[in-house]
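Below is one structure, written out as structure tokens, with a few remarks after it.
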Amino acid sequence: MEAFGFIFAHDWVHSLDPLTLVRPASSLPVLGKYRAIDFSLSSMVRAGIVRIGISLDTEAVSLLDHLRIASQWDLDKKEGGLFILPGKYLGTMDAFFRNTTFLRRAEEELIVVAWGDSVYNIDFNDVLKYHVDKAADITYLGDSEDPFVFVINKYLLMEILFAYKDLRDFWRDAVSSIRSDLHIEQFPSNFPVYRLSDGLNTFYRLHMDALDLDVYRGLTQNMVMTKLRDFPPAKFSTTCRITDSIISDGCIIGGHVIHSVVGRNSVIRAGAYVENSILMQDVVVEEGARLVNVIADRYTVFRANREVVSNELTVIPRENVI
Amino acid sequence: MNVLAIILAGGTGTRLGVLTETLAKPSVYFGGKYRIIDFALSNCAHSQLEGIAILPQYRPVELISHVAMGRPWDFVKRTSYFAVLPPHKEWYHGTADAVYQNIEYIDYLNPDVVIILSADHVYLMDYRPLLKYMSLKNARAVLASTTVPWEEANRYGIVVTDEHERILEFQEKPTAPKSNLANMGIYAFDWHYLRDLLSEDGTREDSSHDFGSDLWPRVVASGEPAYAYKFDGYWLDVGTIKSFWEGHMDLVAPFPRLNLYDPRWKIYTSPADLPSPIFLGSGSARSTLVSEGSVVKGNLLRSVVGLQSFIDDDAEVVESIIGPRSYIGKGSKLYRVITGESVHIGNGVIIGEGDPVPNEVAPHIYTDEISVLGRNVIVQDGSRLGKQCAVQESATVNGIYGSGSFIYR
């Protein structure tokens, strides 16, 4: 099925502050080694979609850095490939409207529109097939008021764009107002989807759910591609204890880790204790430090014997020393 | 200076037994996620060498698909000097002949200096100081050497030098070594000089066309001032099952002599796109490396687990090296086991029990209590294997086999 892709990687809501102060939700580090956008991007690539536009804020440096080497998603193409579409967009309508050149030049007629903040793992070929079989105008996945993916013919998309260009949101404002005139289908599915913009609880739930092998495998099956950092395998020293946890490559673990996700290149030293926590990449937990219910952003350092223990989630912003 | 690195990747690795039955030695997995050739390739990348020629021979397919266009090592350029050159005229008769048969290609690049490397060694080395040494000595031929324990000198090609590090003599696996300086198989030659040497060697009937045993002795005999550069970092010739196993035990040591965690000298390999390893239930790992995609429910001690392996409930894996995509069944106990990739070990299996008995087929290969399972081996539930056993690729093990057994396909 010939289709091209469009991913919204803006963050108009910043619902995970302070984590989203420094990056859009699409660029949130998840499951130890990924960024949220890897899931929509990889699902597209696996379905043979080789022309993908990503609209993002001009200040999304973290995301631009992540996407810098397109070959990591096999998107270094002469025809098609990865199109970074930066701008200060007001909303989805604006983001489409300012990139009509990209839409127009695409050779494919169908477009898969996705939100980069959503973590899921599906075969878009099934969605495209369903869309064609049903002869739908639009096929969407997720909430009918706020889907995380939809498929539409690009000419129909452009008609709606030009007819309703003063509206703000393509789906909530434009599509909703002409809903009765369109044949809209919902793709039937029951796989888990985590829309990170929903807030910190969704982000946390994604990680705790992933400590179940079936959920973890479901989310990461069939290759989820991400930016390589070429770390060696995780190393576990003589003093460590690990229970129900994900430990990423490049980590050196000497402490006790329970029911947690530890991101790439992190160090947990002997005598440290980490429970029900999410450590993004490059975090250091020194000897004797105790962490319970903590989300630590990248480059956080927990000094020896410090305690961050609470029944509520504690979020530590990037590059802090605790 | 225009430098071409030629990586000799033809090794059959016969002393790695069933691990290299259908796999060239440079393609053997090392350190969980790497293949042995990744070390030489990454060294080239970090040394900023741009001309790379890989010369495979034995079982080249997997090697060629692994290195592909050289992208993981950043060798992809608009004008690329990266090439994989399997035999295209006739089988390579020796290391020197392999280079000789590719004279046309090397002439086309016309390098000033050619560095000859082996794809069989595990080490982190910057080749630029070697090149600098070569020009400081104003030499046309230098080799890299490393000191080895005197008692092991009889296993190496030994270099005897004078006080200026000029090479006086070579001793191949000497019973009475005059020095403990081992030849690392890393050579730098002035291309025009090497070209003449190769052309002359190519016409000789009495030559085995090997750098170590033919070319170098003749270089020294001719009076050519050739020098031995001293390298003092970690260097492992993955020649035997024992050295392969010891290399992994070096990695799991608290302060490994081979530091894979140096951010300035990462080892690159082809990407596997696998999720981070997950530990479930009472699974544990101590002094152990676990690679991406693996699931650990059992217990690991002083072991290395390859990509996408599954260690099931209550399994106990000690001083073992588990190849990628392998499964270790519930309650199975492994002591000093090396597996190739995609090995399936059922439930309640015991490997590595009993007293060590010399292997019935190849006692010199399967030593040090280590049992080796070739790739795609299936060990059925409840089977037992002793120490120093070997199981051929794709064989099925069912029943009880004492130490030293050799199990055929």
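The values are calculated or read from the model by the stated rules, or taken from the named source; none is laboratory data. Here the structure is a predicted model, which means the values were calculated and not measured. Counting neighbours? That spans all protein chains shown, and the Cβs are built from the backbone with ideal geometry, glycine included. Keep in mind that these areas ignore ligands, DNA and RNA; they rest on the heavy atoms of the full protein, side chains included. Shrake-Rupley method; radii C 1.70, N 1.55, O 1.52, S 1.80 Å.
Miscellaneous remarks
- √(5λ) per eigenvalue of the Cα gyration tensor, chain B, largest first, Å: 39, 23, 20
- Using R0 = 45 Å, the C-beta based FRET efficiency linking A:Ile258 and A:Glu145 works out to 0.70.
- Whole-number D in µm² s⁻¹ for the protein assembly as shown, Kirkwood Cα-pair radius fed into Stokes-Einstein, 25 °C, 0.890 mPa s: 87 µm²/s
- Once you reduce the range A:184-215 and the range B:322-351 to the center of their Cα atoms, the two points are 34 Å from each other.
- The label point for A:Ser71 and the one for B:Tyr234, both projected 7 Å from the Cα toward the Cβ, are 2.8 nm apart.
- Cβ charges +1 (Lys, Arg) and -1 (Asp, Glu), total dipole of chain B, debye: 880 debye
- Chains B and A together bury roughly 2900 Å² of accessible area, counting both sides, with a 1.4 Å probe on protein heavy atoms only.
- If you sort the three axes of the alpha carbon gyration tensor as a ≥ b ≥ c, you get a/c of 1.5 or more for the range B:122-184 and a/b no higher than b/c, which makes it oblate.
- GNM remark for chain B: springs join alpha carbons under 10 Å apart, and the peak mean-square fluctuation among B:Asp206, B:Asp314, B:Asp190 falls on B:Asp206.
- For the range A:235-316, Kirkwood radius (reciprocal of mean inverse C-alpha pair distance, Å): 11.8 Å
- Ordering A:Asn276, A:Gly255, A:Val294 by the projection of their Cα atoms onto the charge dipole of the range A:235-316, which places +1 on the Cβ of Lys and Arg and -1 on the Cβ of Asp and Glu, puts A:Gly255 at the extreme positive end.
- Taking Cβ atoms as reference points and 12 Å as the exclusive limit, the residues near A:Asn265 contribute a net charge of +3, counting Lys and Arg as +1 and Asp and Glu as -1.
- Solvent-accessible area of A:Asp244 with every protein chain in place, 1.4 Å probe, in Å² to the nearest 10: 50 Å²
- Shielding score for B:266-275, defined as the mean number of other chain Cβ atoms within 10 Å: 5
- Summary of the geometry: the range A:12-71 and the range A:110-172, compared by the centres of their Cα atoms, lie 19 Å apart.
- Percent carbon-and-sulfur accessible area, the protein assembly as shown, ignoring ligands, DNA and RNA, probe 1.4 Å: 48 percent
- Working note: Debye formula, equal point scatterers on the alpha-carbon atoms of the range A:3-220, no solvent; log10 I(q)/I(0) at q = 0.12 Å⁻¹ is -0.60.
- Packing order of peptides B:385-391, B:53-59, highest average first: B:385-391, B:53-59 (average count of other Cβ atoms within 10 Å over each peptide's residues).
- The figure for A:Arg217 is an accessible area of roughly 120 square angstrom, using a 1.4 Å probe on the protein chains alone.
- Choice from A:Ala25, A:Ala95, A:Ala135 with maximal GNM fluctuation in chain A (Cα, 10 Å cutoff): A:Ala135
- For the range A:235-316, the relative contact order is 20 percent, taking Cα pairs closer than 8 Å that sit 6 or more residues apart in sequence and dividing their mean separation by the residue count.
- Gain in span if fully extended, B:Asn110 to B:Ser65, counting 0.36 nm per residue against the direct Cα distance: 13.5 nm
- Dividing the helix sum by the residues of the protein assembly as shown, where each DSSP H run of 4 or more adds -39500 (n - 2.57), gives a mean residue ellipticity at 222 nm of -5000 deg cm²/dmol.
- Where labels lie 7 Å past Cα in the beta-carbon direction, separation of A:Ser176 and B:Val318 in nm: 6.6 nm
- Label-point separation, A:Glu2 to A:Asn320 (7 Å along Cα→Cβ), nm: 5.2 nm
- Take each residue of peptide A:30-42, count the partner chain Cβ atoms within 10 Å of its Cβ, and average: the result is 1.
- At most 13 other Cβ within 10 Å, DSSP loop - trypsin sites (Lys or Arg not before Pro), the range A:279-322: A:Arg303
- Within 10 Å of each Cβ in A:226-232, the average number of Cβ atoms from other chains: 6
- Highest-first arrangement of A:176-184, B:300-308, where packing means the average Cβ count within 10 Å: B:300-308, A:176-184
- Calculated FRET efficiency, B:Leu168 to B:Ile103, Cβ-Cβ distance, R0 = 30 Å: about 0.50 to the nearest 0.05.
- For the range A:3-220, share of DSSP beta bridges that run antiparallel, in % to the nearest 5: 40 percent
- In this structure the protein assembly as shown gives 39 Å² per residue of accessible area when probed at 1.4 Å with all protein chains present.
- Between B:Ala96, B:Ala144, B:Val61, the Cα set farthest toward the positive side of the dipole of the range B:1-160 (charges on each charged residue's Cβ, about the Cα centre) is that of B:Ala144.
- Debye, to nearest 20: dipole size of the range A:3-220, +1 on Lys, Arg Cβ, -1 on Asp, Glu Cβ: 520 debye
- Ligands, DNA and RNA aside, A:Asp17 has an accessible area near 70 Å² when probed at 1.4 Å.
- The value for the range B:105-254 of Rg(Cα) / (2.2 N^0.38 Å) is 1.08.
- Here the relative contact order of chain B, from alpha carbon pairs under 8 Å that lie six or more residues apart, stands at 13 percent.
- Within the listed set B:Glu152, B:Glu205, B:Glu224, the Gaussian network model of chain B (springs between alpha-carbon atoms below 10 Å) gives the highest mean-square fluctuation for B:Glu205.
- Normalised contact order of chain A, rounded percent, pairs of Cα under 8 Å and 6 or more residues apart: 15 percent
- The angle between the Cα long axis of helix A:200-209 and the longest principal axis of the Cα atoms of chain A comes to about 70 degrees, rounded to the nearest 10.
- Dipole in debye (nearest 20) - the protein assembly as shown, about Cα centre, beta carbon charges: Lys, Arg +1; Asp, Glu -1: 600 debye
- Most positive-pole-ward Cα, B:Ile36, B:Gly283, B:Phe75, against dipole of the protein assembly as shown from beta carbon charges: B:Gly283
- Between the range A:282-308 and the range B:247-305, the Cα center-to-center distance that results, in Å: 22 Å
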